[in-house]
Amino acid sequence: MKKIDVVASATVYDDVSELPSDVQMLMNKAVEARKQAYAPYSKFQVGVALLLENNQIVLGNNQENAAYPSGMCAERVAIWKASSDYPGVKVKQLVITASSINSVVDRPVGPCGACRQTLSEYEINQKEPIEIYFMGAVGKVVKSESLLSLLPFSFDSSYL
Ligand code: THU
């Protein structure tokens, strides 16, 4: 028996203004996408912008449903849009921003577990890491160098 440490490292920026200018631009697009989220039930709006290797930017936001589990997170809307419109084109960066009608979201909002699992499939397939930046509506931004570093001990097709 042995104990192991599984460590995830991340970079924390105090504010969007500290981000590289191209990432700030991507974050601005995610904010625009966030404003168009369909989130009448949770009132929690999430916007995502993906930068593809062909320089296309793909946007997504959460889409809710009166039958709650039928809704979908912004990250999966965005990655499926990208894979549907640009199959096989690598994703270089993914940025996330979240806001709420009920409060100021001033902490970084990372992708939920199901989104991490979904995104990991594409990162594995493309054999190149996807850089992820996530924030709330204001405040700190977290950068992770890859999706898989956010998902230790993940399940993938090699088990099948
Ligand atoms: N949501 C996302 O879009 N992404 C996440 O990673 C977490 C949650 C959405 C789903 C739902 O519409 C709302 O936020 C509240 O859970």
With Val91, Val138 as the choices, which residue is away from the ligand (no atom under 14 Å from the Cβ) and under 13 Å from the mean Cα position of the chain (by Cα)? Val91
Taking interchain pairs and intrachain pairs at least six residues apart, which have beta carbon atoms under 6 angstrom, with the first residue in region 88-117 and under 16 Å from Ala49 (Cα atoms) and the second surrounded by 15 or more Cβ atoms within 10 Å (Cβ to Cβ) and acidic (Asp, Glu)? Gln93/Glu131; Pro111/Glu75; Cys115/Glu75
Restricting the search to region 31-71, which residues are closer than 18 Å to Ala114 by Cβ, part of a strand (DSSP E or B) and out of contact with any helix residue (DSSP H, G or I) (no Cβ under 9 Å at 6 or more places or on another chain)? Phe44
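Let's see how each residue does on (1) over 23 Å from Glu123 (Cβ atoms); (2) more than 13 Å from the ligand (Cβ to nearest atom); (3) more than 13 Å from the chain's Cα centre (by Cα); (4) open to solvent by 10 Å² or more (accessible area, probe 1.4 Å):
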site	(1), (2), (3), (4)
Ala33	no, no, no, no
Ala37	yes, no, yes, yes
Tyr41	yes, no, yes, yes
Leu52	no, yes, yes, no
Ile57	no, yes, yes, yes
Gly71	yes, no, yes, yes
Lys81	no, yes, yes, yes
Pro87	no, yes, yes, yes
Thr97	no, no, no, no
Filter region 6-31 down to residues that are exposed (fewer than 11 other Cβ atoms within 10 Å of the Cβ) and more than 21 Å from Leu147 (Cα to Cα) and give me whichever is nearest to the ligand (Cβ to nearest atom). Asp14
Note on Ser9: of the conditions (1) over 19 Å from Lys143 (Cα atoms); (2) at pLDDT below 95; (3) not aliphatic (A, V, I, L, M), unmet is (1)
Consider Val12 carefully, then state whether it is hydrophobic (A, V, I, L, M, F, W, C) and touching a residue at least 12 places away in the same chain (Cβ under 8 Å). yes
Determine whether region 109-128 contains at least one residue that is under 20 Å from Val46 (Cα atoms), in contact with a strand residue (DSSP E or B) (Cβ under 9 Å, 6 or more places away or on another chain), surrounded by 20 or more Cβ atoms within 10 Å (Cβ to Cβ) and of a type in the set (A, V, I, L, M). yes
Within region 83-140, track down each residue that is of a type outside the set (Ser, Thr, Tyr) and part of a strand (DSSP E or B). Val91, Lys92, Gln93, Leu94, Val95, Ile96, Ala98, Glu131, Ile132, Phe134, Met135
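The values are calculated or read from the model by the stated rules, or taken from the named source; none is laboratory data. Small disclaimer: the values here were computed from a predicted structure and weren't measured. With ideal geometry, Cβ positions are generated from the backbone for all residues, glycine too; neighbour counts draw on all protein chains shown. The area values use the complete protein model at the heavy-atom level, side chains included, leaving out ligands, DNA and RNA. Shrake-Rupley method; radii C 1.70, N 1.55, O 1.52, S 1.80 Å.
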